[in-house]
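This report refers to the structure that appears directly beneath it.
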Amino acid sequence: MSTAIDPAAHTLELEQHYLMQTYRRPPFVLARGEGVTLYDTDGNAYLDFVAGIAVNALGYGDPELTRTIQQAAEKLIHVSNLYSTTPQAELAAELVKRSFADRVFFCNSGAEANEGAIKFARKVVFDSGEPGKTEIVCFTGAFHGRTIAAVSLTPKEKYQKPFAPLLPDVVIAPFNDSEAAARLITDRTAAVIVEPVQGEGGINVAQPDFLRTLRALCDQHRAVLIFDEVQCGMGRTGRLWAHEWAGTTPDIMTIAKPLAGGLPIGAILVKQAVADHLHPGDHGSTFGGGPLVTSVAKVVLARVSQPAFLAQVQDTGAYLMERLEEINSPLIREVRGRGLMVGLELEVEAAPLITEGYKRGLLLVNAGEKVLRFIPPLIVQKAQVDTLIAHLTDMLRELERG
Ligand code: PLP
């Protein structure tokens, strides 16, 4: 009798015993990746329409990224923000050159970037001396992360209720409702935070008019406008920043997920008028913007900002939406999104389709209970979209038959 240990079973058993059970995972173990395909420890291939939740913009095993990581690691991994390093300064300069912003603060994740953005807005208000300016406006369907401040601005009972008390003075406004925004944004508003395309909330695109109205209301009431582009930024919508589609700009923008191609990083991009209020000692991070991650982020930013790269994201994204529209199924309620950030709203729960996808070698993720979300690596090809559509069509037919 063979006594060889099954590597997947071994890993899953360790997980069961030793990991906090905060995630529900399928019963396979991912071992390596190439392009848009992941492989498990048994050698099964999975076409990936998740990209580590909108992170792996350049897919897996990109030679330039791998080389950059190796070379940067040989030089310097970490020194803390007590000291200057060149990749950090250069990445900040590149981000400023390619955005509305004048200055950048680096941190390690999306939630941490939003946490910092709220602190920056509070500091602006503190310095203004205006009394009673304490409210932060967020929107229905928003997701800004899991730290206490970020979760306070993520109006979903399941995420919030067990963790009370949350941040006070949070005002929840209906998404894409300019009239309600005009009522709820007042002189008491310190900051307004919004995703130009909501991700976790179900792939909801903010109407250009709505974002422009928020800009005008924030100007009128001296409130800080924050765009959370953690999921929709860095080329995902086919423009470098999702708010470019609306022709308006925020005072602060938070980014994270794809910025360093899969290494942890977050960034807070701000106008000079915000930066003027932050001084040495006001905010900090031990790891934020270290030389290894910023070396890699420079490569990712240079690649995704190329006009040809962005044009391909728009083209493949439009093709994905078109092909989804063609699936003629009574189980489909709506196809929506922008670029390679696409949602398929269903009449039924998405979970069984995700499970069936695993069996067929397809990684899918939901956004809310009834929305399948497609956020593949930005290098995905039309032929891979065709494979997805063939499986989805089949899976929906099977589901229709019950
Ligand atoms: N903001 C948005 C729009 C997100 O989609 C997410 C994560 O999904 C976050 C913030 C939180 O980012 P992180 O998980 O890196 O803390």
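The values are calculated or read from the model by the stated rules, or taken from the named source; none is laboratory data. Keep in mind it's a predicted model, so treat the numbers as computed, not measured. Every residue, glycine among them, receives a Cβ derived from its backbone with ideal geometry; neighbour counts consider all protein chains shown.
The figures follow:
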{"item": "Qualifying residue in region 298-321 (condition: β-branched (Val, Ile, Thr) and over 28 Å from PRO250 (Cβ atoms))", "result": "no"}
{"item": "All positions within region 96-122 that are surrounded by 19 or more Cβ atoms within 10 Å (Cβ to Cβ), out of contact with any helix residue (DSSP H, G or I) (no Cβ under 7 Å at 6 or more places or on another chain) and part of a helix (DSSP H, G or I)", "result": "GLY110, GLU112, ALA113, GLY116, ALA117, ALA121"}
{"item": "Strands (runs of 3 or more DSSP E) wholly inside region 323-402 containing at least 1 residues that are of a type outside the set (D, E, K, R) and farther than 25 Å from TRP245 by Cα", "result": "332-338, 341-346"}
{"item": "Close pairs from region 205-224: first more than 25 Å from GLU130 (Cβ to Cβ), partner β-branched (Val, Ile, Thr), Cβ under 7 Å, at least 6 apart", "result": "VAL205/VAL197; ALA206/VAL194; ALA206/VAL197"}
{"item": "Residue check for VAL151: under 24 Å from the mean Cα position of the chain (by Cα) and over 30 Å from ILE265 (Cβ atoms)", "result": "no"}
{"item": "Unique residue being assigned by TED's automatic domain parsing to the domain that holds ASN56 and either touching a residue at least 12 places away in the same chain (Cβ under 8 Å) or out of contact with any strand residue (DSSP E or B) (no Cβ under 6 Å at 6 or more places or on another chain) (or both) when the list is ALA311, ALA267, ALA273", "result": "ALA311"}
{"item": "Pairs with Cβ under 8 Å, 6+ apart, first in region 129-144 and at positive phi, second of a type in the set (Asp, Glu) and at pLDDT 95 or above", "result": "GLY132/ASP187"}
{"item": "Residue ranges of helices (runs of 4 or more DSSP H) in region 146-208 with at least 2 members within 16 Å of the ligand (Cβ to nearest atom)", "result": "148-152, 157-160"}
{"item": "Strands (runs of 3 or more DSSP E) contained in region 217-283 and holding at least 2 residues surrounded by fewer than 18 Cβ atoms within 10 Å (Cβ to Cβ) and either within 16 Å of the ligand (Cβ to nearest atom) or modelled with pLDDT of 95 or more (or both)", "result": "none"}
{"item": "Matching residues, region 328-372, being closer than 20 Å to ASP40 by Cβ, in contact (Cβ under 8 Å) with a residue 12 or more places away in the chain and basic (Lys, Arg)", "result": "ARG360"}
{"item": "Answer from LEU82, LEU65, LEU153 - the residue that is in contact with a Cys (Cβ under 8 Å, 6 or more places away or on another chain) and at pLDDT 95 or above", "result": "LEU153"}
{"item": "Region 123-145, subset hydrophobic (A, V, I, L, M, F, W, C) and in a helix (DSSP H, G or I), residue surrounded by the most Cβ atoms within 10 Å (Cβ to Cβ)", "result": "VAL124"}
{"item": "Some residue of region 224-236 being farther than 25 Å from VAL125 by Cα and out of contact with any Phe, Trp or Tyr (no Cβ under 9 Å at 6 or more places or on another chain)", "result": "yes"}
